[in-house]
Amino acid sequence: MSPIKILQIFTVLNKGGAETNLMNYYRNMDRSQFQIDFLVHRENGFFEEELIKSGSKIFRLPAILPWELKEYKKAVKTFFEEHNDYDIVHGQCSELGVFIYEEAKRRNIPVIIAHAHNAKMDKDKKLLFRLMWKRRMRKSINAYFTCGKEAAENLFGRNLARHSYQMNNAIEVEDFQFNQEVRERKRKELQAEETINLVNIGRFNTQKNQSFLLEVFAELIKLNKKYKLFLVGQGELESQLREKAKQLQIEQDVAFLGLRNDVPELLQAMDIFLFPSLHEGFSVAFVEAQTTDIKAVISDGVPTESILIPENVTVIPLKNSAQQWAEKIAEINNFERKNVATLIKEKGYDIKENAQKLEKKYKELIQQYKKFNVISS
């Protein structure tokens, strides 16, 4: 029997939350049953080498720009003229996949999925177009995937959200369970044995709100010089963030660590996870952090449904000042970390179990739509 052919749609395959989440699933799926390829926009991404070595194909489209849609649609059409044998198109870039969904529908691809990853939309120069595309795309898809309830309602509307499949942002739980030996080794490696270590993980962009985080940190070290801030990630705002750290005269206490392959170990070495995002869907990084039993301080832009261990999490309104944030963070004292792997699994975020559920869901969708070639509208 031939494997089910799935085309995953991404902007770029870097270490963002959606990409990391899909890679967690990819590594745990039976690829004798599923051929998973990728259609991406723009340059080479972090995960591409691994994917190619694992047997996946990667295809490219130009960036989707509202003022160059004619060329973009032509590129999408050309792609599907050459590659029209997919059973499933799984759009991981929300409403930005609208023209891919439409062409896939015209080509009678049986299953067309849009995946909701965010509870709100960025207020960028594409906003008005994205609002239009969000409604338009609903006519071309027949399956609704989401990381959480709020994200589903944002992308699909309340009525369609009720029919969505929650594909949990699951992780390799054992990789993140707390280990005191790893903690001590990593703190020594980071030269952070005597400091109170704070960490933020995420792309350096407006949504993740690291600019405000630097203001918070500047206030925090006025209260206690022992704090150190580690920023894990890359992004378009990195140079601005580095400059702001200099302006605030905190650059000696802020470490930009870039993209990392050792996030499980880094989290062991940290004391507090800081997450002041303007909005989130259901953050993979936040699930990972909670699995290490770390204390976390998050904004009210992070959905409450993503809080898995409430006693470890402090929520602060985004409207509060940097000083108010700093004072609240300073209240967190040392505590004994423990292994919470069993708890995280019980809450449904172990990747092995979730990968099996996704395999089953893909097969159900194929059975539902391929036989009759029915596309809902």
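The values are calculated or read from the model by the stated rules, or taken from the named source; none is laboratory data. Not measured: the values here are computed from a predicted model. Here Cβ is always computed from backbone atoms with ideal geometry, including for glycine, and neighbour counts include all displayed protein chains. Accessible surface is based on the protein model in full, side chains and every heavy atom, while ligands, DNA and RNA are left aside. Shrake-Rupley method; radii C 1.70, N 1.55, O 1.52, S 1.80 Å.
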* Asked: Tally time: how many residues in the range 23-37 are open to solvent by 10 Å² or more (accessible area, probe 1.4 Å) and either closer than 19 Å to I100 by Cβ or assigned to a helix (DSSP H, G or I) (or both)?
  -> 2
* Asked: For the range 296-344, what are the residues that are among the charged types (D, E, K, R), open to solvent by less than 80 Å² (accessible area, probe 1.4 Å) and more than 18 Å from E280 (Cβ to Cβ)?
  -> R337
* Within the range 218-249, count every residue that is under 15 Å from I329 (Cβ atoms) and free of Cβ contacts under 8 Å to residues at least 60 places away in the same chain. => 7
* Structure fact -> Checked F46, F80 against criteria (more than 30 Å from G348 (Cα to Cα) and either part of a strand (DSSP E or B) or in contact (Cβ under 8 Å) with a residue 24 or more places away in the chain (or both)); the one match is F80
* Condition met for A63 (open to solvent by less than 60 Å² (accessible area, probe 1.4 Å), at pLDDT 95 or above and under 24 Å from K126 (Cβ atoms)) -> no
* To do: Might you check whether a residue that is of a type outside the set (F, W, Y), open to solvent by less than 30 Å² (accessible area, probe 1.4 Å) and assigned to a helix (DSSP H, G or I) occurs anywhere in the range 121-133?
  => no
* When the range 235-255 is examined, which residues are found to be among the acidic types (D, E), open to solvent by less than 80 Å² (accessible area, probe 1.4 Å) and within 22 Å of the chain's Cα centre (by Cα)? -> E238
* Considering the range 172-212 alone, what residues qualify as being β-branched (V, I, T), more than 25 Å from W325 (Cα to Cα) and touching a strand residue (DSSP E or B) at 6+ places or on another chain (Cβ under 8 Å)? -> V173
* Asked: Under the condition of being among the hydrophobic types (A, V, I, L, M, F, W, C) and either assigned to a helix (DSSP H, G or I) or in contact with an Asp or Glu (Cβ under 8 Å, 6 or more places away or on another chain) (or both), which residue from the range 146-161 is most open to solvent (accessible area, probe 1.4 Å)?
  -> L160
* To do: Tell me which residues, restricted to the range 181-194, are open to solvent by 40 Å² or more (accessible area, probe 1.4 Å) and outside any helix (DSSP H, G or I).
  => Q191, E193, E194
